[in-house]
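S.K.: Can you read through this structure? Questions will come right after.
The values are calculated or read from the model by the stated rules, or taken from the named source; none is laboratory data. Note that the structure is predicted; figures quoted are calculated from it, not measured. Cβ atoms come from the backbone with ideal geometry, glycine included; neighbour counts cover every protein chain shown. With ligands, DNA and RNA removed, areas are computed over all heavy atoms of the protein, side chains included. Shrake-Rupley method; radii C 1.70, N 1.55, O 1.52, S 1.80 Å.
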Amino acid sequence: MIQTIYKIFIFMALVLHMGVVRAETADLGDLTVGMRLEPPHLDPTASASASIDFIVYNNVFEGLTAIDRNGTIQPLLATDWAVSADGTIYTFTLKQGVTFHDNIDFNADDVVFTVRRMTAANTVNPRKAMFDNIQSVAKIDAYTVRIVLKTADSDFLYKMALPDAVVVASESANTNTTRPIGTGPFVFKAFAKGDSVSLTKNVRYHATAAQLHTVKFRFIADTTSATAGILSGDIDAFPYFVDPIHVALFVDNPKLTVVYGNTEGETMVAINNQNISDIRIRRAMHHAIDKQSIIDLTAPGATAIGSHMPPHSPYYIDMTQAYPYDVRRAKQLLSDAEAIGKRIKFTVPPAYDMMANAVADYLRKSGFTVHMQNVDWGTWLSQVFKHKDYDITVITHVEPMDYDVYANPDYYYGYDSTAYRQIMQSLKHAVDESERKTLLAAAQRLLSKDAVNVWLYQRPKVGVWKKTLQGMWADAPVEGIVLKDVYWQ
């Protein structure tokens with residue numbers, strides 16, 4: 001009954017907000033995409049913010065390989081590659097006739113520069129630990145590059161397909177934050193702070209050209225405003241729409257398509273394991289939080305998780321029953337740790353307020369003293385992600401196959417486990433599929449046993465777009481809103 005009344009209220013508010021309904025898109029070469037978060041800048045190799053990747057991945061920037069809509073690795077700037085028998089040497093054949101958006105030719109020098117830049121001691125790449133296994137990179141000729149690994153890594157081609165590994169040119173690398181220059185199907189046009197990023201079609205693209213002529217990514221953090229923009233027609237597509245009550249307003253609209261898909265986004269209460277080093281306190285947090293109620297409140301229909309692996313992965317094991325909701329058990333663990341009233345600094349990024357308030361309430365009921373601090377994304381990235389100045393936070397990690405970050409004690413979780421590092425080291429050498437499954441199952445069990453983070457659910461992808469828009473991705477196997485194959489019917 002309450003939800004029905006709320007829907008009616010929202011609908012009436014939207015009618016007043018819209019005023020008039022915009023006519024159908026006049027120019028079928030234009031697209032306006034809605035996004036919740038504004039990126040801090042536009043260089044995906046210099047920030048962990050997924051909002052950057054949503055705009056530029058395989059739109060502006062491209063890598064040697066790419067992840068397609070099915071999560072499969074495809075050749076891109078590399079047309080082919082050969083791998084040595086021991087799995088440590090990759091020889092890439094590069095595509096010829098490719099130019100960057102500033103008319104500079106793409107060749108082996110750009111790949112060598114990119115790899116050396118992301119593996120340098122002073123690199124600002126957010127996934128630098130992922131590339132630590134690269135021993136060297138060398139130019140064989142203008143269109144052949146050899147990369148040597150320290151040890152075999154069966155995930156190497158996948159890692160090179162991520163936004164963090166896109167190829168950049170030495171001539172433009174330092175200005176990519178404000179004026180990104182890549183080889184992709186779209187060219188950067190403008191970044192209107194607080195409003196939008198605009199792209200235009202790359203008429204010299206090295207493969208099949210995009211069908212769209214212009215794309216505008218508009219930033220709309222307020223859900224009611226986003227809903228109004230979709231219903232009025234001002235927003236053509238909102239690929240990541242999160243509010244379940246507002247989505248109900250789109251389902252029966254004959255001019256809109258609502259698509260439910262999977263993501264790589266593990267939503268969690270991340271814990272600073274250096275500040276909260278007593279495992280009993282971390283386990284108390286697990287028992288204190290009613291995870292299903294958090295799902296019902298913030299993401300109805302989402303799949304609960306108990307460790308850092310998406311349920312659609314072939315390597316997933318179900319750890320959701322390891323820490324059932326149990327306030328008495330949580331209080332007992334706190335008492336055993338002599339930590340009743342334990343003060344927790346809870347740093348909350350934008351768009352997580354509802355979830356954070358619910359989490360804080362549950363922790364307080366179990367004997368924690370919670371002090372909440374709401375910050376903007378720039379502050380979160382600096383304070384939490386970079387400097388580890390927090391006790392707990394709430395976040396969704398959308399990077400695929402990112403279980404390796406737990407092997408890095410300098411990562412912002414501060415998890416330092418020799419046993420976990422040994423598992424990850426063994427995984428690098430594992431070629432046999434059954435061995436990989438065994439190792440990744442052990443990794444998930446260890447993360448759960450050590451209560452590293454409180455994993456809540458795998459974020460679903462709810463996409464809303466106009467019925468006549470074709471080619472949008474239903475799932476999100478990688479953080480990106482890839483638009484090369486999108487067109488108006």
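S.K.: Once neighbouring chains are kept in place and the probe is 1.4 Å, which whole percent of the accessible area of the chain is contributed by carbon and sulfur?
M.R.: Heavy-atom surface of the chain belonging to carbon and sulfur, 1.4 Å probe: 52 percent.
S.K.: With the cut-off at 1.5 for a/c, could you classify the chain from its C-alpha gyration tensor as rounded, prolate or oblate?
M.R.: Oblate is the answer for the chain, as a/c is 1.5 or above yet b/c matches or exceeds a/b.
S.K.: So for the chain, taking the charge dipole from beta-carbon charges (+1 Lys/Arg, -1 Asp/Glu), which of VAL197, GLN135, HIS287 sits furthest toward the positive end?
M.R.: Comparing the listed Cα positions along the dipole, HIS287 ranks first.
S.K.: While we're here: Would you mind checking which residues have amide H under 5 Å from GLN135's amide H? H placed 1.01 Å from N; only 5 or more apart, or other chain.
M.R.: Residues meeting the criterion, in which the H sits 1.01 Å from N, are VAL148, LEU149, LYS150.
S.K.: Out of all DSSP beta bridges with both ends in the chain, state the antiparallel percent to the nearest 5.
M.R.: Among the beta bridges of the chain, antiparallel pairing accounts for roughly 75 percent.
S.K.: Name the residues whose placed amide hydrogens come within less than 5 Å of the amide hydrogen of ALA299, ignoring near sequence neighbours (fewer than 5 apart) on the same chain.
M.R.: For ALA299, no residues qualify.
S.K.: Calculate one ³J(HN,Hα) per residue across segment 271-287 by plugging θ = phi - 60° into the Karplus curve 6.51 cos²θ - 1.76 cosθ + 1.60, and present them in order as whole Hz with x for glycine and proline.
M.R.: 10, 7, 5, 6, 6, 10, 7, 6, 4, 5, 5, 5, 5, 4, 4, 4, 5
S.K.: With just the Cα atoms defining each centre, how far is segment 350-402 from segment 272-347? Give it in Å.
M.R.: Using only Cα atoms, the two centres lie 14 Å from each other.
S.K.: OK, next. Shape of segment 341-396 from its Cα gyration tensor (a ≥ b ≥ c, root eigenvalues): rounded if a/c is under 1.5, otherwise prolate when a/b > b/c, or oblate?
M.R.: Cα axes put segment 341-396 in the oblate bin.
S.K.: If you take the square roots of the eigenvalues of the alpha-carbon gyration tensor of segment 156-230 and sort them as a ≥ b ≥ c, do you get rounded (a/c under 1.5), prolate (a/b over b/c) or oblate?
M.R.: Taking the square roots of the gyration eigenvalues as a ≥ b ≥ c, segment 156-230 is prolate.
S.K.: Could you give the accessible area per residue of the chain, probe 1.4 Å, as a whole number in Å²?
M.R.: Ligands and nucleic acids excluded, the figure is 41 Å² per residue.
S.K.: What is the gain in length, in nm to one decimal, between THR151 and ALA207 on full extension, counting 0.36 nm per residue of separation less the C-alpha to C-alpha distance?
M.R.: Between THR151 and ALA207, full extension yields 16.8 nm more.
S.K.: May I ask you to list the lysines whose Cα is less than 16 Å away from that of LYS466, ignoring any residue fewer than eight positions away on the same chain?
M.R.: By straight Cα distance, LYS466 reaches LYS216, LYS255.
S.K.: Separate question: How many percent of all Cα-Cα pairs in segment 110-190 sit more than 19 Å apart?
M.R.: Cα-Cα pairs in segment 110-190 separated by more than 19 Å: 39 percent.
S.K.: Next question. Counting pairs of alpha carbon atoms under 8 Å apart in space and at least six apart in sequence, what relative contact order in percent does segment 167-296 give?
M.R.: Reported relative contact order: 11 percent.
S.K.: Projected area of segment 104-155, taken from the Cα convex hull and averaged over every viewing direction, in nm²?
M.R.: Spelled out: convex hull of the Cα atoms, projected over all directions, averaged, 4.3 nm².
S.K.: Shifting gears a bit: Give the separation of the Cα centroids, segment 39-60 to segment 87-136, in Å.
M.R.: Going from one Cα centre to the other spans 17 Å.
S.K.: I'd like the accessible area for SER417: 1.4 Å probe, protein heavy atoms, all chains in place, Å² to the nearest 10.
M.R.: The accessible area of SER417 comes to roughly 10 Å².
S.K.: Now, a different point. Can you give the relative contact order of the chain as a percent, counting alpha carbon pairs under 8 Å and 6+ residues apart?
M.R.: Relative contact order of the chain: 22 percent.
S.K.: Give me the percent relative contact order of segment 331-489, please, defined on Cα pairs under 8 angstrom at least 6 residues apart.
M.R.: Normalised by residue count, the contact order of segment 331-489 is 16 percent.
S.K.: Turning to a different aspect of this structure: Per residue of segment 391-396, in order, report the coupling 6.51 cos²θ - 1.76 cosθ + 1.60 (Karplus, θ = phi - 60°) as ³J(HN,Hα) in whole Hz, putting x for Gly and Pro.
M.R.: Running phi through 6.51 cos²θ - 1.76 cosθ + 1.60 with θ = phi - 60° gives 9, 9, 8, 10, 6, 10 Hz.
S.K.: Per residue of segment 148-155, what does 6.51 cos²θ - 1.76 cosθ + 1.60 with θ = phi - 60° give for ³J(HN,Hα)? Whole Hz please, x for Gly and Pro, Karplus curve as stated.
M.R.: Ordered by residue, 3J(HN,Hα) equals 10, 9, 5, 9, 4, 9, 5, 9 Hz.
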